[in-house]
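Enquirer: Below are the structure tokens for one structure; questions will follow.
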Amino acid sequence: MDYKSVFLPCLLIAQLWATPAEAAIILSVAPSASTFNIGDSGFIDVMIHSDSADALDSYLIGLNLTGGPGVVFSSPQSEAFLSDGNYVFFGRSSSVINGFPATTVGGGGSNVTVGDLTEDPMSPPNPLPFVLPGASSPSLLTRLEFDVVGAGSFSVHIDPSSTFSDVDFNDFSFSSTGGSFTAVPEPASVVFLGIGTVGVGLLRRRRRLKNASSE
């Protein structure tokens with residue numbers, strides 16, 4: 001069975017019927033570095049915390065990458081974050097328990113959808129909500145890998161239609177801050193480009209001198 005085609009649509013439908021819950025969830029987007037060379041791979045961490053100890057049971061988020069085709073989300077994602085001890089649903093992830101994927105890459109690598117919900121491993125499929133930590137010790141919501149194929153400046157943002165819900169599928173409000181980074185040619189490429197520029201300049205100068213001497 002293609003669990004991806006079953007789980008994410010079902011979670012989305014449930015979220016559409018949700019009503020707002022109180023309090024707020026805060027997200028931050030953090031690239032693994034501020035600068036990358038063409039040919040590098042990197043990752044983006046999305047951290048989550050709450051200002052009032054919200055009990056999170058499910059989430060469905062979208063991340064959008066802007067800046068052009070020079071950076072693309074890897075497809076498929078490794079989803080190694082699901083087994084990270086700091087993952088928000090570590091030890092209670094329905095994706096892990098049931099063995100279905102939590103991520104879908106789309107838009108030619110410019111966006112990713114991530115979704116998961118809790119499940120009590122001792123009595124599935126009963127939920128086991130996780131009480132979110134405060135700002136001093138945020139949890140990992142997801143880690144997404146990307147590949148650098150061209151130079152430029154890039155930004156990653158949480159889609160505003162993303163949802164975070166309690167056990168009754170009531171939505172929590174949330175706020176988020178995006179992340180940005182740049183990609184540049186490898187140092188060797190920059191050197192060769194400089195040499196090439198100097199070479200062209202010398203060639204043009206030689207031709208001018210030759211033309212002047214033959215007049």
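Enquirer: So which of Ala55, Ala23 ends up being at pLDDT below 95, small (Gly, Ala, Ser) and over 17 Å from His157 (Cβ atoms)?
Expert: Ala23
Yes/no matrix, rows are residues, columns are (1) modelled with pLDDT under 95; (2) surrounded by 11 or more Cβ atoms within 10 Å (Cβ to Cβ); (3) over 30 Å from Asn111 (Cβ atoms); (4) not β-branched (Val, Ile, Thr):
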residue	(1), (2), (3), (4)
Val148	no, yes, no, no
Ser162	no, yes, no, yes
Ser165	no, yes, no, yes
Ser176	no, yes, no, yes
Thr182	no, yes, no, no
Phe192	yes, yes, yes, yes
Val198	yes, no, yes, no
Arg204	yes, no, yes, yes
Arg208	yes, no, yes, yes
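Enquirer: Farther than 17 Å from Gly179 by Cβ, in contact (Cβ under 8 Å) with a residue 40 or more places away in the chain and in contact with a Phe, Trp or Tyr (Cβ under 7 Å, 6 or more places away or on another chain): is that true of Asn86 in this structure?
Expert: no
Enquirer: Going through segment 41-59 one residue at a time, which ones are out of contact with any Pro (no Cβ under 7 Å at 6 or more places or on another chain) and surrounded by fewer than 22 Cβ atoms within 10 Å (Cβ to Cβ)? First the steps, then the outcome.
Expert: Taking segment 41-59 and keeping what is out of contact with any Pro (no Cβ under 7 Å at 6 or more places or on another chain), we get 41, 43, 45-46, 50-54, 58-59.
Those that are out of contact with any Pro (no Cβ under 7 Å at 6 or more places or on another chain) and surrounded by fewer than 22 Cβ atoms within 10 Å (Cβ to Cβ): Ser41, Phe43, Asp45, Asp51, Ser52, Ala53.
Enquirer: Return yes when Leu60 is more than 23 Å from Phe146 (Cα to Cα) and modelled with pLDDT of 95 or more and no when it is not. First the steps, then the outcome.
Expert: Working: more than 23 Å from Phe146 (Cα to Cα): no; modelled with pLDDT of 95 or more: yes.
When the stated conditions are applied, Leu60 does not pass them.
Enquirer: For segment 39-70, which positions are in contact (Cβ under 8 Å) with a residue 60 or more places away in the chain and closer than 10 Å to Ile25 by Cα?
Expert: Within segment 39-70, Ile48, His49, Ser50, Asp51, Ala53, Asp54, Leu56 qualify.
Enquirer: Return the only residue of Val96, Val112 being within 23 Å of Ala30 (Cβ to Cβ), under 21 Å from the mean Cα position of the chain (by Cα), crowded, with 19+ Cβ neighbours inside 10 Å and assigned by TED's automatic domain parsing to the domain that holds Val156. Before the answer, list the steps.
Expert: Numbers: Val96 fails: within 23 Å of Ala30 (Cβ to Cβ).
One residue alone meets the criteria, Val112.
Enquirer: Right, something else. Looking only at segment 61-93, which residues are buried (at least 17 other Cβ atoms within 10 Å of the Cβ) and more than 13 Å from the chain's Cα centre (by Cα)?
Expert: Of everything in segment 61-93, those that are buried (at least 17 other Cβ atoms within 10 Å of the Cβ) and more than 13 Å from the chain's Cα centre (by Cα) turn out to be Gly67, Gly70, Leu82, Tyr87, Val88, Phe89, Arg92, Ser93.
Enquirer: Going residue by residue through segment 31-43, is there one that turns out to be more than 22 Å from Ser136 (Cα to Cα), modelled with pLDDT of 95 or more, part of a loop (DSSP other than H, G, I, E, B) and among the charged types (D, E, K, R)?
Expert: yes
The values are calculated or read from the model by the stated rules, or taken from the named source; none is laboratory data. In this text, all values refer to a predicted model and were calculated from it rather than measured experimentally. Here Cβ is always computed from backbone atoms with ideal geometry, including for glycine, and neighbour counts include all displayed protein chains.
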